[in-house]
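No value in this document is a laboratory result; all are computed from the given coordinates. Here the structure is a predicted model, which is why all the values come from computation and not from measurement. Neighbour counts run over all protein chains shown; Cβ positions are idealised from the backbone, glycine included.
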């Protein structure tokens with residue numbers, strides 16, 4: 001580092017330390033960052049508490065069922081408990097299994113979709129779609145206003161800090177009369193601006209990394225195997241996003257316009273990337289891919305047989321059920337023992353079969369909307385980085401779509417477990433409880449590739465801004 005560069009850096013540091021307004025801005029953003037970490041942590045801790053509670057409820061429920069096999073049947077309550085535990089005609093719709101989507105350690109930093117969609121479901125052998133769509137969106141108000149988490153501070157407020165610190169790096173010197181003195185120096189104006197920008201890049205990016213490190217340390221052990229890569233990518237994302245905005249400011253400054261022009265242009269870009277483009281894409285997406293939830297609303301209404309005492313109707317329901325489930329055709333007592341329980345089990349299963357086409361169409365439409373929006377992320381690095389943070393913390397839409405797919409598989413295991421007993425007139429034994437279904441969800445193998453692809457888009461746009469600014473500045477200074 002040459003003497004002139006050191007002098008410029010010392011000057012910038014002295015100027016920064018004496019600027020009470022800039023120090024106040026940093027303090028305010030720091031406080032916002034701390035509150036965002038606290039807010040996100042409180043949301044995730046509440047969800048973790050809820051998940052722990054429902055898991056305890058499930059463990060206690062099935063423990064009571066297992067204990068009932070060893071109890072004396074000397075009371076009505078004991079007999080009732082034994083019936084629910086051993087009789088599949090009760091158990092298939094009474095036994096509740098909790099499927100949960102536990103939060104990642106860093107979900108508190110980018111809440112994303114976690115407070116919009118259900119993160120746990122209690123499933124029985126009854127209609128899957130009734131249980132799945134009963135509470136499709138948990139909090140529609142949050143869908144509108146969003147969350148004040150750390151990703152919000154970094155995506156929305158960090159650019160404003162960069163704009164406030166850099167919009168006048170050239171123009172203020174010109175307007176104050178200092179530019180003439182700078183021109184007679186041995187170093188070019190272009191290099192002076194580059195050094196000053198680099199100084200503030202290191203300062204503000206280091207500040208953002210400090211807040212991020214605090215958030216990462218509060219949320220979990222950064223060096224744990226399951227967290228290390230996520231933490232590193234989060235920090236890389238902060239650096240790249242900061243570099244994008246500095247690249248944009250470099251391009252704006254390269255026009256050598258007034259401070260007012262730079263400030264208005266930078267603020268306009270902030271509005272464009274963070275408000276205007278997302279709003280336009282949202283309206284366009286809604287128009288291009290309208291979502292009709294009428295069929296889903298109908299799925300959440302309880303329905304039953306028109307006349308459960310009609311033997312013909314019951315036979316028709318069971319016959320149609322056997323077309324989809326031929327494995328139960330060999331049961332000799334299919335139309336005799338526990339017929340009402342079998343008919344209702346068949347009816348709820350058929351309800352799902354009849355609704356599958358509409359539900360699949362809805363899921364495909366949501367995926368199509370997501371894919372359509374993703375192709376426009378090239379023009380909006382802000383939303384691109386927001387999605388990358390959500391991917392890192394497993395709060396993105398794809399995670400919840402995978403969760404819903406896992407719910408479908410889990411429900412099939414539940415119905416198979418109980419229907420095998422119900423339709424073959426077999427009791428549930430104490431040993432069967434060790435074989436009961438367990439919810440499992442596959443990891444998204446493409447998650448890290450998607451994050452790196454998002455980073456690549458931002459790197460390319462930042463590089464283009466830098467090249468354009470360099471050429472423009474070179475042209476003007478020559």
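Pairs of Cα atoms in the range 237-369 fall into 10 Å distance bins, from 0 up to the last occupied one, in shares of 9, 22, 17, 13, 11, 10, 10, 7, 2 percent. Once the Cα atoms of helix 381-392 and of the chain are each reduced to a long axis, what angle between those two axes, in degrees from 0 to 90 to the nearest 10, is obtained? Roughly 40 degrees, rounded to the nearest 10. The three principal axes of the C-alpha atoms in the range 212-276 carry coordinate ranges of 49, 23, 17 Å, sorted with the longest axis first. Here the scattering of the range 21-123 is modelled by Debye summation over its C-alpha atoms, one equal scatterer each and no solvent; at q = 0.22 Å⁻¹ the log10 of I(q)/I(0) is -1.07. Would you please give the FRET efficiency between residue 72 and residue 426, computed as 1/(1 + (r/R0)^6) with r the Cβ-Cβ distance and R0 = 22 Å, to the nearest 0.05? Approximately 0.40, to the nearest 0.05. For a modelled paramagnetic label at residue 55, 7 Å from Cα along Cα-to-Cβ, the residues of the range 104-129 in reach, with backbone nitrogen under 20 Å, are 104-109, 114-115, 118-124.
Computed over Cα pairs, the Kirkwood radius of the range 355-431 leads via Stokes-Einstein (1.002 mPa s, 20 °C) to a diffusion coefficient of 137 µm² per second. Compute the long axis of helix 277-288 from its Cα atoms, compare it with the longest principal axis of the Cα atoms of the chain, and write down the angle in degrees, 0 to 90, nearest 10. The helix 277-288 is inclined about 40 degrees to the chain. Taking the inverse of the mean 1/r over every pair of distinct Cα atoms in the chain gives a Kirkwood hydrodynamic radius of 26.6 Å.
Taking each residue as 0.36 nm, the span from residue 354 to residue 284 lengthens on full extension beyond its C-alpha to C-alpha distance by 22.0 nm. Between helix 447-477 and the chain, what is the angle of the helix's C-alpha long axis to the longest principal axis, kept within 0 to 90° and rounded to the nearest 10? On a 0 to 90 degree scale, this one is about 20.
Share of Cα-Cα pairs in the range 326-478 beyond 21 Å, in percent? Looking at the range 326-478, the distances longer than 21 Å represent 66 percent of pairs.
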